[in-house]
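Here's the structure we're looking at; comments come further down.
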Amino acid sequence: MRRLSLLTFLFSVSILSSGFTNILQKSKEPEIKGIICGTDLYMNVLIDNFPKEAIFSSKAEDSIYEEFDYIDGEYFYKYIFDTKTGKLYTSDDSSNAFVTTLKPLYQERWDDSEFSYTYKSEKKGNKLMVYTTEYENNSKVDNWVDDINLNKLTNTFIEEGERVVQKCIYFPIPGTLKISE
């Protein structure tokens, strides 16, 4: 009888231990979200005319840019980030209709442009802080901080000495997520 209760006890401890281990592993996994922010006109048109699912592919933004013929001073910007750490990601070329592959976002450069951008980010309470530096021909030309309030869905930054507050919305990331480091 004692042996049975000892086995029962050991079995119970084993189950509790594995459940605790699973909880720890899940808490270490990134929780990925997409957020898009922009000027009032563009954000209102986006919200009123497109499903959130059209944001990840950039189809909605491209349609708006084409329709308004790139109005000066009107724009969008979006981030894919880990809600626990604030780490930024970008979609990898190996993504398809079923799997979205993400890789860390540290720098962006386009083949036909002399401009590049570096990014650092962190989560501070309910805020995502994104520090961006712009380079032209490898020389620093500008830097700014996006202070995105994840509860109020606003981004506050300084532009030409003025405090600017813009609206943001979350958007879904399609398919199964795969993160490559």
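The values are calculated or read from the model by the stated rules, or taken from the named source; none is laboratory data. Predicted model only: the values in this text are computed from it and were never measured. Because the Cβ atoms are built from the backbone with ideal geometry, glycine has one as well, and the counts that use them run over all protein chains shown.
For residue 56, indicate whether it is closer than 17 Å to residue 36 by Cα and not in a strand (DSSP E or B). In short, yes.
Considering 121, 94, the condition of being more than 16 Å from residue 34 (Cβ to Cβ), surrounded by 11 or more Cβ atoms within 10 Å (Cβ to Cβ) and of a type outside the set (Val, Ile, Thr) is satisfied by 94 alone. Regarding segment 122-130, can at least one residue be identified that is modelled with pLDDT of 95 or more, of a type in the set (A, V, I, L, M) and touching an Asp or Glu at 6+ places or on another chain (Cβ under 6 Å)? Yes: one or more hits. There is no residue in segment 97-110 that is over 23 Å from residue 180 (Cα atoms) and either modelled with pLDDT of 90 or more or outside the structural domain of residue 170 (by TED's automatic domain parsing) (or both). Residues that are small (Gly, Ala, Ser) and in contact with a Lys or Arg (Cβ under 6 Å, 6 or more places away or on another chain) are absent from segment 137-148.
Could you list, ordered by first residue, the pairs with Cβ atoms under 7 Å in which the first is in segment 98-121 and without any contact (Cβ under 8 Å) to a residue 60 or more places away in the chain and the second is in a strand (DSSP E or B) and of a type in the set (Gly, Ala, Ser), at least 6 apart or interchain? Partner pairs satisfying both residue conditions: 107/116; 108/116; 109/116.
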